Ligand SMILES: Cc1cc2nc3c(=O)[nH]c(=O)nc-3n(C[C@H](O)[C@H](O)[C@H](O)COP(=O)(O)OP(=O)(O)OC[C@H]3O[C@@H](n4cnc5c(N)ncnc54)[C@H](O)[C@@H]3O)c2cc1C
């Protein structure tokens, strides 16, 4: 995949940022579970929060293949950094594709600089896969909506002053998805962040429980002009989200593979570099092959996204394959490192803790398989 020269330069800038500024500090930030304030500020300066916001609202959007390579580079350094810009990009795409002109002008310029950060809230304590069963409700009251309900596992919730909230504006609608809308919610009275959730990995950035108790927002908070479109709007947004998660997984897999490849040449046993033992060499061969396949699938899905076609199947396949691959490569990287793979003084244990998030987040891999199977039947195969 050949990027335009300016896009190549953006990816190169992020690669250098990761090598020079992220890699030297990541282990300390990770183990202290510290919010990476300085790194996020540099990401804002580089323009990472505005990568999908075109002029006149931002500085110009990049192609999806460029965007996923930026996310991959960030995740190669620290998955948490790629996570910090994932939901934000989905919300900017939602506003761009479905928002009113007023919403675009109100939010996008500040989102492009990172001055305003955004996140999306779909998952509820009662479940994340069955979104149509959600219980968060926004009732119209005069010129306002009044929101009641709860969301959970919402990434970057404390640092985001804008939440794209998936909720029911007509809880009695059948089918249920026709009663679902997205509201653009700022931090109004009645909206509280009740809890930071402890987690295995994805350290440094918060995932929180949100509560809405009579939270009042103006009617203009409805994304777009009509109620009942939120489910379809979010499904389009999730195409971007799933490509982003696939890119994160690819970044983690690449870091694990690169560390294992280097270690296998540094470490010796029985008078040989360990890669020369066929068992270790085979592991490296499998890891490299799977990584190359994952990356190719990601880039082809990203390229298709830019054609404007529906890519729920392609994004689902990329998310499924890249995340399962990241899991396998992270585990094999632990094996290659022997006892040091289990040490917190090396990075491979972090990859092993970060990889499972991509299996679960942005729709579990079981849910992706459902989407893929449905589309395979509907489209009559892969269209090859
Ligand atoms: C660190 C972290 C950050 C997150 N950030 C966000 C965020 O910013 N915003 C947000 O909205 N959500 C976020 N999530 C939530 C995430 O998207 C959900 O956890 C995920 O969608 C699964 O929902 P659940 O946890 O309720 O699992 P459930 O829906 O309860 O699923 C449990 C199990 O049942 C399986 N299952 C359920 N239904 C089916 C089915 N129909 N077919 C086959 N298998 C099925 C699932 O695959 C899974 O194995 C985050 C999660 C984590 C861990």
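For segment 128-145, the residues whose amide N sits under 20 Å from a probe point set 7 Å from the Cα of residue 199 along the beta carbon direction are 128-131. Taking the chain as the reference, fit the longest principal axis to its C-alpha atoms, fit the long axis of helix 348-360 to the helix C-alpha atoms, and give the angle between the two in degrees, 0 to 90, nearest 10. With both axes taken from Cα atoms, the answer is about 40 degrees.
Extension gain, residue 132 to residue 59, is 22.7 nm, computed as 0.36 nm per intervening residue step minus the present C-alpha separation. Note on segment 231-379: Kirkwood radius taken over Cα pairs, Stokes-Einstein applied at 20 °C and 1.002 mPa s, translational D equal to 133 µm² s⁻¹. Based on DSSP H segments of at least four residues, each scored -39500 (n - 2.57), the chain has a per-residue ellipticity at 222 nm of -17000 deg cm²/dmol.
Rounding to the nearest 10 and keeping the result within 0 to 90°, find how far the Cα-based axis of helix 86-98 lies from the longest principal axis of the chain. Around 40 degrees separate the two axes. Averaging the inverse of every distinct alpha carbon separation and then flipping it gives the Kirkwood radius. What is it for segment 301-357, in angstrom units? This gives a value of 12.8 Å. The calculated FRET efficiency for residue 158 paired with residue 270, based on their beta-carbon distance and R0 = 45 Å, is about 0.30. Considering only 279, 293, 133, the Gaussian network model of the chain with Cα springs below 10 Å gives its largest mean-square fluctuation to 279. On the beta carbon distance between residue 235 and residue 382, with R0 = 30 Å, the FRET formula returns roughly 0.90.
For segment 167-217, the square roots of the Cα gyration tensor eigenvalues, ordered a ≥ b ≥ c, give a/c of at least 1.5 with a/b no greater than b/c, which places it in the oblate category. Do you know the relative contact order of the chain, to the nearest whole percent, from alpha carbon pairs under 8 angstrom that are 6+ apart? Computed over the chain, the figure is 16 percent.
Measuring spread by the Cα atoms of segment 168-299 yields a radius of gyration and Dmax of 23.8, 72 Å. Mean separation of Cα pairs under 8 Å and 6+ residues apart, divided by the residue count of segment 5-117: what relative contact order is that in percent? Normalised by residue count, the contact order of segment 5-117 is 33 percent. Can you tell me how segment 127-172 classifies by the Cα gyration tensor, rounded, prolate or oblate, using a/c under 1.5 as the rounded cut? It comes out oblate by the Cα gyration axes. Between segment 298-338 and segment 111-174, what is the separation of their alpha carbon centroids in Å? After rounding, the separation between the Cα centres reads 27 Å. May I ask for the angle, rounded to the nearest 10°, between helix 64-77 and the longest principal axis of the chain, with both axes built from Cα atoms and the value confined to 0 to 90°? For helix 64-77, the angle is close to 60 degrees. When the Cα atoms of segment 5-117 are aligned to their principal axes, the ranges along those axes come out at 43, 32, 18 Å in descending order.
By other beta-carbon atoms within 10 Å, ranking 258, 73 with the fewest at the front produces 258, 73. Oblate is the label for segment 90-231. Its Cα gyration tensor axes, ordered a ≥ b ≥ c, give a/c of at least 1.5 and b/c at or above a/b.
Rounded to 0.05, the FRET efficiency of the residue 97 and residue 262 pair, given R0 = 45 Å and the Cβ-Cβ distance, is 0.60.
Would you kindly give the portion of the calculated P(r) for the chain that falls above 40 Å, as a percent of all Cα pairs? Result: 14 percent of Cα pairs exceed 40 Å.
Alpha carbon centre of segment 219-253 versus segment 1-65: separation in Å? Their Cα centres are 20 Å away from one another.
Please check: in the Gaussian network model of the chain (C-alpha springs, under 10 Å), which one of 301, 264, 82 has the largest mean-square fluctuation. Greatest mean-square fluctuation among the candidates belongs to 264. By the equivalent-ellipsoid construction on the alpha carbon gyration tensor, segment 260-346 comes out with semi-axes of 34, 13, 9 Å, ordered largest to smallest.
Taken together, the values in this text are just the output of simple stated rules run on the coordinates, not laboratory data. Predicted model only: the values in this text are computed from it and were never measured. Note that each Cβ is placed from the backbone with ideal geometry, even for glycine, and that neighbours are counted across all protein chains shown.
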